[in-house]
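Student: One structure is given below, represented as structure tokens, and several questions about it will come after.
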Amino acid sequence: MTASKRDLLALSDWDADALLSVLDRAARLKSGQDGGTPLAGKSLAMIFRKSSTRTRVSFEVGMTQLGGHAIFLSDRDSQMGRGESVHDTARVLSGYVDGIMIRTFAHEEAVEIARHSSVPVINGLTDLVHPCQILADLQTVREVLGPELRERTVAWIGDGNNMANSWINAAVRLGFSLRMACPEGYEPDGDILSRGRSEADVLLVRDPAEAVEGADVVTTDVWASMGQEEEALQRTEAFRGFVVDEALMGRAHAEAMFLHCLPAHRGEEVTSGVIDGDRSFVFQEAENRLHVQKALMVELMV
């Protein structure tokens, strides 16, 4: 591994200046101010242990637009599905490609890939964190509400999952206020939450109305994430009262925006009236996955 290699496994890996630089580059790429094919002749290995729509398409299209090539590797398409070690996979891929993106279950697997890879590694999602999605969310917030994130209050409603953990990491690095409403027993990761409370303005409450009051951004996710389907009935009961509906949005700032990383379960964590409403920016948010990931790849692979 070279001393200069950089990875993005969690937003906490990078300081505020580095994260804002990615967001600025993403804006220039989206507007066409930055153009060309800076990744011409380069290849990205995309390891998918979890299925995906937005992650796969946005990374693959992004590499094409930047002049490079993306290689899709599911368990059916690689020896990892037959038990080849993460160590060996990382070493082999490093000899072929210029970067690795991994979307998997255990965060430790992404860490292990990065440890043994000599090329940059990007976390496309783990059960612990989802840094690329939060970067897309933050780009959307800047586009709609303006560039100064420190002035904003974000309300998270629902499960203390990888998205919640990543919002905490972002609040620590970028200085905005974060209000989280999670049912008892469904809190964010303990270590990440403890750090957020000690280093940023992060508050955990049980009442969604308290979290949303006066917020600039209201965001949520499905109640049962990929791999938790067997808990769906239990979670449906636990999350009663955590639906983002029109009444709850009415407690937020008058110009508050709604975000959701998608896919959404309409009628569960969010009503159709909210997700299809005038203050919803979920599809702009989804598009911005493309732009922030292009910015990340240029940052790491050029």
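Student: Any residue at all in region 202-223 that is surrounded by fewer than 18 Cβ atoms within 10 Å (Cβ to Cβ), out of contact with any His (no Cβ under 9 Å at 6 or more places or on another chain), farther than 14 Å from Val154 by Cα and among the aliphatic types (A, V, I, L, M)?
Tutor: No, that holds for no residue.
Student: Considering only region 122-135, state which residues are over 13 Å from Val217 (Cβ atoms) and assigned to a helix (DSSP H, G or I).
Tutor: Across region 122-135, the qualifying residues are Pro131, Cys132, Gln133, Leu135.
Student: Say whether the condition of being at negative phi and assigned to a loop (DSSP other than H, G, I, E, B) is met by at least one residue in region 79-92.
Tutor: yes
Student: Considering only region 189-238, give the helices (runs of 4 or more DSSP H) lying wholly within it that have at least 1 residues that are of a type in the set (A, V, I, L, M) and under 23 Å from Glu268 (Cβ atoms).
Tutor: By residue number, 208-212, 232-238.
Student: For a quick check of your reading of the model, give me the residue pairs whose first member lies in region 88-116 and is crowded, with 16+ Cβ neighbours inside 10 Å, whose second is outside any loop (DSSP other than H, G, I, E, B) and charged (D, E, K, R), with beta-carbon atoms closer than 6 Å and at least 6 apart or on different chains.
Tutor: Taking only residues 6 or more apart or on different chains, the pairs are His116/Arg91.
Student: Oh, and also: Just name the residue that is surrounded by the fewest Cβ atoms within 10 Å (Cβ to Cβ) out of those in region 247-288 that are of a type in the set (S, T, N, Q) and closer than 28 Å to Glu237 by Cα.
Tutor: Per the stated criteria, the residue is Ser272.
Student: Just to be sure I understand the filter: pairs with C-beta atoms under 6 Å, separated by 6 or more residues or on different chains, first member in region 193-208 and in the same structural domain as Val244 (by TED's automatic domain parsing) and free of Cβ contacts under 8 Å to residues at least 40 places away in the same chain, second member part of a strand (DSSP E or B) and of a type in the set (Lys, Arg). Which pairs pass?
Tutor: Correct list of pairs: Leu203/Arg179.
Student: So is Arg28 within 20 Å of Thr140 (Cα to Cα), at pLDDT 95 or above, surrounded by 13 or more Cβ atoms within 10 Å (Cβ to Cβ) and over 17 Å from the mean Cα position of the chain (by Cα) or not?
Tutor: yes
Student: Within the set of pairs 6+ apart or on separate chains, which have a first residue in region 280-302 that is basic (Lys, Arg), a second that is not in a helix (DSSP H, G or I), and C-beta atoms under 7 Å apart?
Tutor: Short answer, once both residue conditions are applied: Lys294/Leu66.
The values are calculated or read from the model by the stated rules, or taken from the named source; none is laboratory data. What you see is a predicted model, and the numbers here were worked out from it, not measured in a lab. Ideal geometry is used to build each Cβ from the backbone, glycine not excepted, and the neighbour counts take in all protein chains shown.
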